[in-house]
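The values are calculated or read from the model by the stated rules, or taken from the named source; none is laboratory data. Only a predicted model underlies this, so the values are computations on that prediction, with no experimental measurement involved. Cβ sites come from the backbone with ideal geometry, for glycine too, and all protein chains shown count toward neighbours. Note: accessible area is taken over every heavy atom of the protein model, side chains too, but ligands, DNA and RNA are not part of it. Shrake-Rupley method; radii C 1.70, N 1.55, O 1.52, S 1.80 Å.
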Amino acid sequence: MIAVFLVALYFLIAGYIKKNNLWEDHIRFYGPILALKTDNVGFFDKFLPYSRFLKLYGTAGAVMVVIVSLLFSVLMIFSFQKTLASPPAPTGIYEPQNILAIPGINEFLPLSFAVIIAFIVTLVVHEFGHGILARIEGMRVESTGVLFFVIPIGAFVEPCEEDVEKASGRSRIRMFGAGITNNLVVALIAFLLLALFMGMAHPVDAPYVKAVYAGYPADDSGLLPNSLIISVNDIDVTSREDVTSIMSGTKPGDTVSVTSVHEGMTSTNNLKLTEWPEEYGDKNSGFMGVSYYDSSRAKELSDKYIRSPLGPLLLVYVPINAVIDGDSLGLGILAFDSPDTVAWSEPFYGYWQLIQILFWLFWFNFAVATFNALPLIPLDGGYIMQEGVKNFFAARNKERYADYIVSGISWLMIFIIVSLIMIPYIASF
């Protein structure tokens, strides 16, 4: 209902602005999308004194973008082959609302403070990279702004088209690659800071119930997941070890009184214990049917992921795991506001908010950089690919082939992306 209200309010405001031609110099419409722009772009000129360094930065960045483009193009092809051989169910990441990385619409991207801040920073970092390198390469910037559809969904910088056409191929490549380069640099910085600050958190042995077994005593009594047990049989407990010590003296058929806190509310539930399931071995004590959140395992996984060469790719999966797989990794605390933090020591006030901001700064910048690096026009990687292909054929007096190659590669990437989305739905029929 809140989303419907906000969309309706947006259309009312946007419709009123468009009908009355308000702020024509600063507002432009692309269908339902509102572009708020400014011609006051003198900010980009402040970087001219650092032209030499920024040209080197742009060149190094362009090389890095080409490497990322090739790497992720190969990964896309392998993903296509795997999806074709074994089509997944059309759920989760394949659902329509999850195709676009827009907070509040994509179910893996909560409309939280950390996500909104990271999303906006990612857009600004990307587009300002284009604007700064455009000025460094002698191209005028005509305007810059932000795109809105209820919330900010994009940003843009408009260099002078005439200047872009006159610029050399190398200048255009540096300009096109600057946004991706900035995103990769910010993603790396956020990743390193995330590793640094996560090293400050320490797991505690809290009796925090992450889940309950369906059809077993805890579930039957109404004990809720995400509850912190504070006493058993009126004996205060502060750790899982305390609970285990009390439970070791029970047997199937006994009734225990469990007091817990869930979302700030304290309740007491009476559990009639059963035998342990066979997969847990031969145990004589009674079984409550609860699964504790293991912050020690989550800490081990976090350290392992961050230290791994594939750490960034593994961390990208964290929000998906938290939503689809019930946070089986225990790392949802990195991305979402979670009661799981009760099983961790908090080094300072606002610690987990900082962790979430750093995580989403990494996530958005990494995602935007790798996607934009794909050799597909109108993505930045596509324009870089176009410049490279044209230069290659121009040096051999065969320029007429360049457009065919560029179009062929672009259509191939479009086919792969669309196939990755559609194959699960086609296979389901």
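Results for (1) more than 30 Å from residue 63 (Cβ to Cβ); (2) among the aromatic types (Phe, Trp, Tyr); (3) out of contact with any helix residue (DSSP H, G or I) (no Cβ under 8 Å at 6 or more places or on another chain); (4) surrounded by fewer than 16 Cβ atoms within 10 Å (Cβ to Cβ), shown as yes or no for each residue.
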residue	(1), (2), (3), (4)
180	no, no, no, no
194	no, no, no, no
207	yes, no, no, no
216	yes, yes, yes, no
227	yes, no, yes, no
242	yes, no, yes, no
249	yes, no, yes, yes
257	yes, no, yes, yes
265	yes, no, yes, yes
So which helices (runs of 4 or more DSSP H) stay within the range 291-378 end to end and still have 2 or more residues that are of a type in the set (Gly, Ala, Ser)? 295-307, 351-372
Being among the basic types (Lys, Arg) and either farther than 15 Å from residue 59 by Cβ or modelled with pLDDT under 90 (or both) is the filter here, so list the residues in the range 129-178 that pass it. 135, 140, 166
Checking residue 323 against (1) closer than 30 Å to residue 229 by Cα; (2) open to solvent by less than 20 Å² (accessible area, probe 1.4 Å); (3) among the hydrophobic types (A, V, I, L, M, F, W, C), the condition it does not meet: (2)
Taking interchain pairs and intrachain pairs at least six residues apart, which have beta carbon atoms under 9 angstrom, with the first residue in the range 384-398 and free of Cβ contacts under 8 Å to residues at least 40 places away in the same chain and the second acidic (Asp, Glu) and in a helix (DSSP H, G or I)? 386/403; 389/403; 393/399
State which residue pairs qualify: first residue open to solvent by 90 Å² or more (accessible area, probe 1.4 Å) and inside the range 276-291, second residue at pLDDT 90 or above in any location, beta carbons under 7 Å apart, and separation of 6 or more residues or different chains. 283/276; 284/251
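Quick check on this structure: which one of 375, 339 is open to solvent by 40 Å² or more (accessible area, probe 1.4 Å), more than 15 Å from the chain's Cα centre (by Cα) and in contact (Cβ under 8 Å) with a residue 12 or more places away in the chain?
Details: 375 fails: open to solvent by 40 Å² or more (accessible area, probe 1.4 Å).
None of the others qualify; the one that does is 339.
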Of the residues in the range 1-52, those that are closer than 30 Å to residue 174 by Cα, of a type in the set (A, V, I, L, M, F, W, C) and assigned to a helix (DSSP H, G or I) come to 43, 44, 47, 48
Would you please list the contacts, defined by Cβ atoms under 7 Å and residues six or more apart or on different chains, that run from a residue in the range 99-117 that is within 16 Å of residue 333 (Cβ to Cβ) to a residue that is part of a helix (DSSP H, G or I) and open to solvent by 80 Å² or more (accessible area, probe 1.4 Å)? 114/353
